[in-house]
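The values are calculated or read from the model by the stated rules, or taken from the named source; none is laboratory data. Note that the structure is a prediction, hence the values are computed from the model and not measured. Counting neighbours? That spans all protein chains shown, and the Cβs are built from the backbone with ideal geometry, glycine included. Keep in mind that these areas ignore ligands, DNA and RNA; they rest on the heavy atoms of the full protein, side chains included. Shrake-Rupley method; radii C 1.70, N 1.55, O 1.52, S 1.80 Å.
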Amino acid sequence: PSIEKIYLAKVIAAKTSGSISMVGSGFIIRDVMLRWQRRKEHQFLPIVHRIILSMSIADLFTSCSVHILGTWMVPKGNVTMLDESFLIPLAAGNETTCNAQAFIWDLFTLAGCCSNAMLAVTYWLVVCREKSEKQLNKWKWQFTLLWLPWLLGLADSFIFVVGFGFYSLNGAWFCGAYVSDDIPWRNWMLAAIAGIINVWIILMMVLLIKFVCTLERKTDTYRRNRETREKSIQVTKQGIWFILAYMAALMPAVVTIISEDLPRNFSIFVACAYPMQGAFNALVYFRPKYISERQKMASRSDRRESRVSSILKTLSITPPKRSSASSNAILQKVPAPLNEQDDGCSGKSQLEEMSMKVGSHSKHVEFAEIG
């Protein structure tokens with residue numbers, strides 16, 4: 001196929017994936033806010049929930065303003081790719097809208113990537129370093145884990161988009177930061193930021209995997225020790241799943257940067273995967289709750305529920321009532337879906353504020369609502 005057709009396919013694929021991702025991020029934000037409303041006196045949520053909320057907000061704005069709007073924000077005109085010039089499909093913007101899109105992309109993409117890195121760090125601190133929620137609520141951790149990603153995103157956006165006005169398509173379906181051999185320092189800056197974030201996330205994943213392997217090799221004598229170890233493993237695996245979700249969305253784009261000998265159609269795959277960060281996060285976030293719902297269904301031999309019903313309960317959506325009296329009776333007994341036990345941050349139920357000491361040689365483990 002011609003470059004023009006491939007580019008049009010990229011634009012359509014990005015809009016589709018971005019729409020799915022926006023829905024996923026929206027459900028995460030809704031679930032976290034409902035949990036916060038049900039807490040006594042609207043107390044602060046655990047630090048992991050707040051990081052996931054921050055990450056989902058960034059993904060939501062990126063999906064909507066960058067991937068869905070896409071070339072609608074790009075000025076009308078021709079673009080040249082691989083020595084082929086063609087009219088930009090669906091272009092309806094101007095220089096101002098393109099600059100705005102570049103600013104939004106720079107801000108929310110960097111904030112989202114840094115929030116993913118901070119989420120991985122938080123899982124490592126809680127599980128491997130045994131940091132309590134009280135310790136993580138200190139201002140230095142609050143600033144580092146919650147506010148630093150947004151400050152970095154704002155600084156980068158104002159310096160390179162507002163200050164210098166650099167924006168370009170760069171072969172993508174949206175206006176982004178300008179990358180060119182004429183401005184090598186900007187290229188090095190982008191490469192350094194992306195490299196540090198990705199190396200840090202991979203390092204955290206390696207440490208979490210090492211921790212899980214160490215726990216699984218242990219054979220504890222006391223049952224309570226085994227239960228603590230199993231809960232630690234579940235929480236750690238949930239953190240690893242979040243890291244894998246981030247890498248699944250980002251790695252195809254990284255491959256295109258590293259390698260130049262790729263098929264033309266590979267860019268369509270990138271357009272499908274790169275905007276899906278919010279959807280992948282939603283799958284990981286709601287996975288423990290969905291598994292819990294399916295287990296409850298299996299334990300009730302007198303009831304038969306469909307997977308759709310389990311998904312609706314997982315998403316805190318009340319299924320529509322049926323006409324039969326028996327169906328209505330069942331649906332009216334649906335439990336409240338916002339039980340704190342399956343919170344999308346832990347991989348095991350009833351892990352909230354757990355702190356155990358077993359024997360004189362046991363470790364003190366406090367999961368503070370996430371493990």
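Data table
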{"item": "Answer residue from region 56-71, given it is aliphatic (A, V, I, L, M) and in contact with a Phe, Trp or Tyr (Cβ under 9 Å, 6 or more places away or on another chain) and is nearest to Asn116 (Cα to Cα) among those", "result": "Ala58"}
{"item": "Of all residues making up region 107-135, the number that are open to solvent by less than 50 Å² (accessible area, probe 1.4 Å) and at pLDDT below 90", "result": "5"}
{"item": "Pair list, Cβ under 8 Å, 6 or more apart: region 190-202 residue without any contact (Cβ under 8 Å) to a residue 24 or more places away in the chain, other residue open to solvent by 50 Å² or more (accessible area, probe 1.4 Å)", "result": "Leu190/Val179"}
{"item": "Hits in region 38-48 (condition: in a helix (DSSP H, G or I) and buried (at least 22 other Cβ atoms within 10 Å of the Cβ))", "result": "Ile47, Val48"}
{"item": "Residue match in region 92-100 (condition: open to solvent by 30 Å² or more (accessible area, probe 1.4 Å), touching a helix residue (DSSP H, G or I) at 6+ places or on another chain (Cβ under 7 Å) and within 30 Å of Thr236 (Cα to Cα))", "result": "no"}
{"item": "Segments classed as helices (runs of 4 or more DSSP H), wholly inside region 66-144, with at least 2 members that are of a type in the set (D, E, K, R) and within 30 Å of Phe44 (Cβ to Cβ)", "result": "133-136"}
